1. Taking the stretch 149-168 on its own, how many of its residues are assigned to a loop (DSSP other than H, G, I, E, B) and touching a Leu at 6+ places or on another chain (Cβ under 8 Å)?
2. Restricting to the stretch 227-240, and then to whatever is within 16 Å of GLU97 (Cβ to Cβ) and within 16 Å of the chain's Cα centre (by Cα), can you tell me which residue is modelled with the lowest pLDDT?
3. Considering the stretch 17-41 alone, what residues qualify as being open to solvent by less than 40 Å² (accessible area, probe 1.4 Å), at pLDDT 90 or above and small (Gly, Ala, Ser)?
4. Which of the residues belonging to the stretch 202-220 are on the phi > 0 side of the Ramachandran plot and touching a strand residue (DSSP E or B) at 6+ places or on another chain (Cβ under 7 Å)?
5. I need a count of the residues in the stretch 175-226 that are of a type outside the set (Val, Ile, Thr), under 18 Å from GLU120 (Cα atoms) and either open to solvent by 50 Å² or more (accessible area, probe 1.4 Å) or more than 25 Å from the chain's Cα centre (by Cα) (or both).
6. Looking at the stretch 70-92, which of the residues that are open to solvent by 70 Å² or more (accessible area, probe 1.4 Å) and under 19 Å from the mean Cα position of the chain (by Cα) is modelled with the highest pLDDT?
7. Going by the structure shown, is ALA44 farther than 16 Å from ARG78 by Cα and more than 27 Å from the chain's Cα centre (by Cα)?
8. Which count do you get for residues in the stretch 124-151 that are exposed (fewer than 14 other Cβ atoms within 10 Å of the Cβ) and farther than 21 Å from ARG92 by Cβ?
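The values are calculated or read from the model by the stated rules, or taken from the named source; none is laboratory data. Here the structure is a predicted model, which is why all the values come from computation and not from measurement. Please note: Cβ atoms are built from the backbone with ideal geometry, for glycine as well, and neighbour counts cover all protein chains shown. We work out accessible area using only protein heavy atoms, side chains counted, and drop any ligands, DNA or RNA first. Shrake-Rupley method; radii C 1.70, N 1.55, O 1.52, S 1.80 Å.
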Amino acid sequence: MARDTADRPHAGNGPAYEQVKGWIRQHIASGEWRPGDMVPSEAALVERFAISRMTANRALRELATEGLVTRVQGSGTRVAQLHRISSQLVIRDIHEEVTRRGHVHGTRVLKVQQEKAGAEVAESLKLRKGAHVFHSVLVHLENGVPILFEDRYVNPQAAPGYLETDFTRESPTLHLLRNAPLTEASYTIEACLPTAEEAKALDIRTSEPCLVMMRRTVSGGNVASIARQLYPGTRYSFSGEFQA
């Protein structure tokens, strides 16, 4: 494929991999590339945009995660079929989320300790009952108002330095993303009422409806963490994207 200098990313237009993703999305959205059509290979993207192989790989990998393309070892990358539709799970750092809104993020640390895993926690983390795990309980605040009660168990094999982290400066999510790179995640979201402990920490009544997200993350061969994240319904809402 000949290199077209007009298609190269330009400084100041965001990360190169995002520009490559935008270029591919444009070709798909315009109908020029139809479902099943081949997408330029990593090598072709490297040549066209004068980027690294790692940058090209990231662009294609993220597009595959978003459901826009499919990648098959030995067969290349193709535009995904239109019937593929999925809900995106974005692992967000609560500190970044709050500061992006121009607000101040704060953290109250209620518990950070090592414990022996009970049967349910051990099963979720794929450890034996009684194995040592790390346990943290935090309350996240936005402009001084509690918006999230986070109860998390962490596999020490995935993040051995977890207990030494200052969670008033670095969130558990950010620590895990840096030290236990995410390879898989699953979650559920349900409506519930808070326990007395949770209501007190969030400064709400026990009758106030909340949204609870149960999330499990995997890093390589280890289940890295399981977390119960409770959000007051009047202070927080979830939003997402669907892509066909």
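1. Step one: of the stretch 149-168, the residues assigned to a loop (DSSP other than H, G, I, E, B) are 155-161, 165-168.
Then keep just the ones that are touching a Leu at 6+ places or on another chain (Cβ under 8 Å); that gives 155, 158-159, 167.
Counting residues in the stretch 149-168 that are assigned to a loop (DSSP other than H, G, I, E, B) and touching a Leu at 6+ places or on another chain (Cβ under 8 Å) gives 4.
2. Step by step, filter the stretch 227-240, then rank; the result is GLY240.
3. GLY22
4. Quick first cut of the stretch 202-220, residues on the phi > 0 side of the Ramachandran plot only: 203, 220.
Answer for the stretch 202-220, where residues must be on the phi > 0 side of the Ramachandran plot and touching a strand residue (DSSP E or B) at 6+ places or on another chain (Cβ under 7 Å): just ASP203.
5. Start the filter on the stretch 175-226 by keeping residues that are of a type outside the set (Val, Ile, Thr), which leaves 175-182, 184-187, 190-194, 196-203, 205, 207-211, 213-216, 219-222, 224-225.
Applying the additional criterion that residues be under 18 Å from GLU120 (Cα atoms) yields 186-187, 213-216, 222, 224-225.
So of that shortlist, the ones also either open to solvent by 50 Å² or more (accessible area, probe 1.4 Å) or more than 25 Å from the chain's Cα centre (by Cα) (or both) come out as 186-187, 214, 216.
Number of matching residues: 4.
6. Taking the stretch 70-92 and keeping what is open to solvent by 70 Å² or more (accessible area, probe 1.4 Å), we get 71-74, 78, 81-85, 90, 92.
In the following step, the residues that additionally are under 19 Å from the mean Cα position of the chain (by Cα) were identified as 85, 90, 92.
Details: ILE85: 41, VAL90: 64, ARG92: 75.
Among them, the one singled out is ARG92.
7. Values: farther than 16 Å from ARG78 by Cα: no; more than 27 Å from the chain's Cα centre (by Cα): yes.
In short, no.
8. Going residue by residue through the stretch 124-151, those that are exposed (fewer than 14 other Cβ atoms within 10 Å of the Cβ) are 126, 128-130, 132, 143-145.
Now narrow it down to the ones that are farther than 21 Å from ARG92 by Cβ: 126, 128-130, 132.
Qualifying residue count for the region: 5.
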